[in-house]
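This report refers to the structure that appears directly beneath it.
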Amino acid sequence: MKASKWNPTRSLRLALSFLTIFPVAGTTEPEEEDWRWVSAFFPLVGAFVGTFLLAADRVGRLPGEDWKAFSAALVMVVNFLLTGGMHHDGLADAADAFLGSRGRGERLRIMKDTSVGALGAASLSLYLISVWTLLNLLPSGPSWEGYRAASLVFFPAGGRAVTAYLCGRCPYAREKGMALGVVGCAGGGQLLVAVALNLFLATLLFWFLCSSVLAGTALTASLVLFAEVLARFLNSSLGGVTGDVLGAAGLLGEALALLLLAPGFIARLP
């Protein structure tokens, strides 16, 4: 790829195509600068996915009074379908690798294997049960409508912010792979833009929908701290990240965001 003037639209379309099932990358061959800034747009793609999850939550209310369990399941199904299950596959593979092996080479080999082991299946099942429970615990009712809406749009953005952070902090652990073009081009600049974009989205959502100015800062700071700890662990134990690791990290970031949002105390921040 030869260097050319950066086109933000192409980078955004590449990010959307990379993280979701939407085939919007375009027919023009992307340039190096387009790939370089793909990860910076990950939180924006997450918020885009979140708007579909908000719609799913509204549809999930149709059964009547006992709608929260059905809504939580529907939100999870839509999230799975919009990402093509890639992140869930990555979580299962990463769990097999890190829970079933101690060596770097063995972990990379296990993640390359297309089959899912018992540890991966169990970990994915526990993750899905946990997320379903957290979605059930999200506050509801007339006084919580804005907070619930902001939470459903934000939590996938928060997960993608963790993924973007790892792209900027970690090298690619393999010589080749699907995510090499994104991770290999990312750096500190892309990391900072992704964090700033996530902070902007969170602040805007929670200020506009539930009048909390500091909620976005608290959420973003928590996710950045988690991502930094995860980056240090991955750099020391694996020598970087892989596509499976990035997918798993995104789902763990979503779970952390929901864990912070489910009790509702974030809404009480000024």
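The values are calculated or read from the model by the stated rules, or taken from the named source; none is laboratory data. Just so it is clear, the model here is predicted, and its values are computed rather than measured. Positions of Cβ are backbone-derived with ideal geometry, glycine not excepted, and every protein chain shown enters the neighbour counts.
Quick rundown of the values:
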item	result
Matching option when the condition is in contact with a Gly (Cβ under 9 Å, 6 or more places away or on another chain), crowded, with 22+ Cβ neighbours inside 10 Å and under 21 Å from residue 247 (Cα atoms), among 91, 119, 99	91
Residue count, region 198-229 (criterion: under 30 Å from residue 105 (Cβ atoms) and either of a type in the set (Gly, Ala, Ser) or over 17 Å from the mean Cα position of the chain (by Cα) (or both))	1
Cross-chain or 6+ apart pairs with Cβ under 6 Å, region 219-235 first and touching a residue at least 24 places away in the same chain (Cβ under 8 Å) and surrounded by 18 or more Cβ atoms within 10 Å (Cβ to Cβ), then charged (D, E, K, R) and assigned to a helix (DSSP H, G or I)	231/169
Single residue of region 1-17 satisfying the filter (of a type in the set (Lys, Arg) and part of a loop (DSSP other than H, G, I, E, B)) that is modelled with the lowest pLDDT	2
Qualifying residue in region 221-234 (condition: touching a Cys at 6+ places or on another chain (Cβ under 6 Å), within 24 Å of residue 179 (Cα to Cα) and not basic (Lys, Arg))	yes
Any hit, region 230-251, residues being among the acidic types (Asp, Glu) and either touching an Asp or Glu at 6+ places or on another chain (Cβ under 7 Å) or farther than 26 Å from residue 108 by Cα (or both)	yes
Sole residue being under 13 Å from the mean Cα position of the chain (by Cα) and either at pLDDT 95 or above or polar (S, T, N, Q) (or both), chosen from 49, 78	49
Residue ranges of helices (runs of 4 or more DSSP H) in region 162-259 with at least 3 members modelled with pLDDT of 95 or more	188-210, 215-237
